[in-house]
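Novice: Could you have a look at this structure, given as C-alpha cells, before my questions?
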Amino acid sequence: MASTAFFIATLLTLCISYPATSQKIASPPSFAPAPAPGPHFVNLADLLSVAGPFHTFLNYLNQTQVIKTFQNQANDTDQGITIFVPKDSAFSAIKKPAFANLTQDQLKSLLLLHAIPKYYSLSEFKNLSSSGPVNTFAGGPYALNLTDASGLIRIGSDWANTKITSSVYSTYPVAVYEVDKVLLPKAIFSVEPPMAPAPAPTPDESPVAADAPTGAKGVAGPKGSDSKKSDSGSSMVVVGVMSYLAVVASVAML
C-alpha cells in the first residue's frame with residue numbers, strides 16, 4: 001500500500017513538472033555586433049597632386065610639414081578636416097616677394113588658416129555662416145568669415161575675399177574645396193600685398209586693309225599700269241570707229 005502511494009505521488013510529480021520542462025527552448029548563442037567600418041583613408045598629398053593644379057599650395061605644405069598636421073587630423077580624429085585650397089593661378093596673381101619674404105612660422109600660419117579642424121559638407125555652410133567667425137587650425141586671430149548666399153559660399157580674411165569654385169573631394173572625414181584667391185590675414189600682412197601685373201595680351205596679326213589693292217590670288221599689286229593700258233585701248237577703239245564712219249560717209253556721197 002505504501003509503495004503504491006509512493007508510485008502515485010511520483011507519477012503526479014512527473015506530470016506536473018513535464019509541461020514546464022517541455023516548454024524550455026534552448027536560446028541561440030549570442031554574438032557581439034560587428035564593429036562599424038572605419039572612415040576611408042585619404043592621402044592628402046596624393047589627392048592634391050592630381051587635382052587642381054594645386055602644386056604651389058602642396059609644395060608649401062610639404063616645405064612646412066603642415067601636410068602631416070592635416071593628415072593626422074583627417075585620419076586620426078573623429079572631427080575630420082575641411083581644407084580651402086587656392087589654385088596655382090591664385091598664388092601667381094600676387095607678386096612673389098609677398099610670400100618669399102615670409103618667415104617659416106608666418107608661412108605655416110598662412111597655410112593653417114586655409115583649414116578648419118572639422119569636416120563640413122557644402123550643405124552645412126549655410127548654418128555655419130550664421131554662427132560668426134569660424135576658427136581655423138591657425139587659431140588666435142586667424143578666423144574666417146563665411147557667408148552662404150543661395151549656394152554661393154564666400155570666405156573672408158581681411159585682405160582677401162574668395163569663394164568656393166568647386167568641390168574637389170567631400171566624403172567624411174575629408175572635405176577639400178577649391179578657392180580662387182589666397183586668404184591674406186592682417187596678422188601676417190600689415191598692408192595689402194601688391195598684385196602681379198596681368199600678362200600682356202598676345203599681339204594679333206595686322207589685318208589687310210579693306211581697300212588695299214589685290215592682284216592675282218589675293219596678292220597686293222599695282223593698278224597703275226593696268227589702268228593706263230585700259231585707257232589706251234579705249235582711245236584706239238574710238239579712233240577706229242570715227243575712221244569707219246568717215247569712209248561710209250564718203251561712199252554715200254558718190
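Novice: Quick one: in region 147-168, which of the residues that are of a type in the set (A, V, I, L, M) and out of contact with any Leu (no Cβ under 9 Å at 6 or more places or on another chain) is modelled with the lowest pLDDT?
Specialist: Result: Ala149.
Novice: Which of the following residues is within 26 Å of Ser89 (Cα to Cα), at pLDDT below 90 and in a loop (DSSP other than H, G, I, E, B): Thr214, Thr202?
Specialist: Thr202
Novice: Could you list all residues from region 121-143 that are part of a loop (DSSP other than H, G, I, E, B) and surrounded by 20 or more Cβ atoms within 10 Å (Cβ to Cβ)?
Specialist: Within region 121-143, Thr136, Phe137, Ala138, Tyr142 qualify.
Novice: Another question, if that's okay. Could you list all residues from region 174-188 that are touching an Asp or Glu at 6+ places or on another chain (Cβ under 8 Å) and of a type in the set (Val, Ile, Thr)?
Specialist: none
Novice: So, one more: With the structure loaded, tell me whether Thr171 is modelled with pLDDT of 75 or more and among the hydroxyl-bearing types (Ser, Thr, Tyr) or whether it fails that test.
Specialist: yes
Novice: So how many residues does region 67-100 have that are among the acidic types (Asp, Glu) and part of a helix (DSSP H, G or I)?
Specialist: 2
Novice: Only residues that are assigned to a strand (DSSP E or B) and buried (at least 16 other Cβ atoms within 10 Å of the Cβ): list them for region 170-189, please.
Specialist: Passing the criteria: Val174, Ala175, Val176, Tyr177, Glu178, Val179, Leu184.
Novice: Looking at region 29-45, is at least one residue at negative phi, assigned to a helix (DSSP H, G or I) and at pLDDT below 95?
Specialist: For region 29-45, residues at negative phi, assigned to a helix (DSSP H, G or I) and at pLDDT below 95: absent.
Novice: Here's something else I'd like to know. Report whether or not Ile153 is buried (at least 17 other Cβ atoms within 10 Å of the Cβ), within 15 Å of the chain's Cα centre (by Cα) and free of Cβ contacts under 8 Å to residues at least 40 places away in the same chain.
Specialist: yes
Novice: Filter region 108-137 for residues that are in contact (Cβ under 8 Å) with a residue 40 or more places away in the chain and among the hydrophobic types (A, V, I, L, M, F, W, C); which is farthest from Tyr169 (Cα to Cα)?
Specialist: The qualifying residue farthest from Tyr169 (Cα to Cα) is Leu110.
Novice: Restricting the first residue to region 79-107 and requiring it to be in contact (Cβ under 8 Å) with a residue 60 or more places away in the chain and under 22 Å from Val191 (Cα atoms), which pairs with a second residue that is outside any strand (DSSP E or B) and among the charged types (D, E, K, R) meet a Cβ separation below 7 Å and a spacing of at least six or different chains?
Specialist: Between residues of region 79-107 that are in contact (Cβ under 8 Å) with a residue 60 or more places away in the chain and under 22 Å from Val191 (Cα atoms) and residues that are outside any strand (DSSP E or B) and among the charged types (D, E, K, R), the close pairs are Pro86/Lys181; Ala90/Asp180; Ala90/Lys181.
The values are calculated or read from the model by the stated rules, or taken from the named source; none is laboratory data. Please read all numbers here as calculations on a predicted model, not as lab measurements. Please note: Cβ atoms are built from the backbone with ideal geometry, for glycine as well, and neighbour counts cover all protein chains shown.
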